[in-house]
């Protein structure tokens, strides 16, 4: 149970902004996750959050492929001890990464995951930005360039990392609970 009041989809006033939001989430994602429900008291926040998520994770023109975006999501969420996002995004990563042992290790201990050099540099960048944001320097972006990432990729890496730092804290701060397995069916 969340730490604050939540308006469930079946409790939203018909034709309200919240009802429209829930309908949109169901249509776009296949289900309404608890991360969206915890923002139900302020529908504009919930909608803006969804827009940002969809842009960062689904825009194929915005640098990095989906697999790498999900790797960042899992690594950052583990660093922040957000089991909710580790579970959701490990499941999503499994759609793009065939090595289940890698997905499991990334979700348990990101620094121990057996990644190729480019993916290791990317995950290390995300973890550094998460753990020591004030220590970031141009050398960290240059390190990514040395592994073949361009500036759009670096922007995507920083944006996805920053988003998951935000959403991890939102989930942890408001007590968003992980849904049951059968309620975690989403369009990835």
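Just so it is clear, none of the values below were taken in a lab; they were calculated from the coordinates. Everything quoted here is computed from the prediction, not taken from an experiment. In this analysis, Cβ positions are derived from the backbone assuming ideal geometry, glycine residues included, and neighbour counts consider all displayed protein chains.
How would the stretch 17-122 be classified by its alpha-carbon gyration tensor: rounded, prolate or oblate, with rounded meaning a/c under 1.5 and the a/b versus b/c comparison settling the rest? The shape class here is prolate.
Computed packing ranks the peptides 67-76, 114-123 as 67-76, 114-123, most packed first, by mean other Cβ atoms within 10 Å.
Only one of [x] 148; [y] 118; [z] 307 was calculated from the structure for volume of the Cα convex hull per residue in Å³, and its label is [y].
Adding -39500 (n - 2.57) for every DSSP H run of four residues or longer, then dividing by how many residues the chain holds, sets the calculated 222 nm ellipticity at -19500 deg cm²/dmol.
Most tightly packed first, judged by the mean number of other beta-carbon atoms within 10 Å of their residues, the peptides 135-143, 41-49 read 41-49, 135-143. A simple packing score, the average count of other Cβ atoms within 10 Å per residue, orders the peptides 103-111, 12-20 as 103-111, 12-20, with the highest score first.
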